[in-house]
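The values are calculated or read from the model by the stated rules, or taken from the named source; none is laboratory data. Every value quoted in this text rests on a predicted model; they were computed, and no experiment measured them. Don't worry about glycine lacking a Cβ; one is built from the backbone with ideal geometry, like all the others, and counts go over all protein chains shown.
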Amino acid sequence: MPLSYMEFNIKLFGINSLKEKRSIVKRLISDLKKRFNISVIENDLQDSKQYINLAISFVSINKSSAYKTMESLENYIESLYNVENVIKEVYD
C-alpha cells in the first residue's frame, strides 16, 4: 500500500491578521479531512499572514488510486486558492 505525501504553498490575498489567516486554515483543513479522508497539518509559515504551507498524507490501495487522489486534491485546492508550489511523492 503506497503512502502519499503532498505539500502545498498557498498565497493569500487581503488578509490583515494572523487570526483571520488561522480561521481560513482551520476551515480548509477541516474541509479537506472530510472531503478526502486524509491527514493534514499546517506545516510551516505559521507566522506569515500571506502564506499557508499545508502537508498532506494518506495511504492508498495502489499507485493509480494514489495519483488520482493527489490530482483531485490539487485541483480542489487550486480551485479555491492561489497555489504557488506543490510537492508530490508516493512511497511504496
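I'm checking my understanding of the structure. Among residues of segment 30-58 that are of a type in the set (Val, Ile, Thr) and surrounded by 13 or more Cβ atoms within 10 Å (Cβ to Cβ), which one is farthest from GLU84 (Cα to Cα)?
ILE38
Applying the selection to segment 1-33, what residues are basic (Lys, Arg) and either closer than 16 Å to ASN75 by Cα or at pLDDT below 90 (or both)?
LYS11, LYS33
For segment 39-60, which residues satisfy the criterion of being among the β-branched types (Val, Ile, Thr) and either farther than 18 Å from GLU78 by Cα or at pLDDT below 95 (or both)?
ILE52, VAL59
Of all residues in segment 1-29, count the ones that are over 30 Å from ASN62 (Cα atoms), crowded, with 16+ Cβ neighbours inside 10 Å and not hydrophobic (A, V, I, L, M, F, W, C).
Going through segment 1-29 one residue at a time, the tally reaches 1.
Could you check how many residues of segment 57-85 are over 16 Å from LYS34 (Cβ atoms), in a helix (DSSP H, G or I) and not aromatic (Phe, Trp, Tyr)?
So the count comes out to 11.
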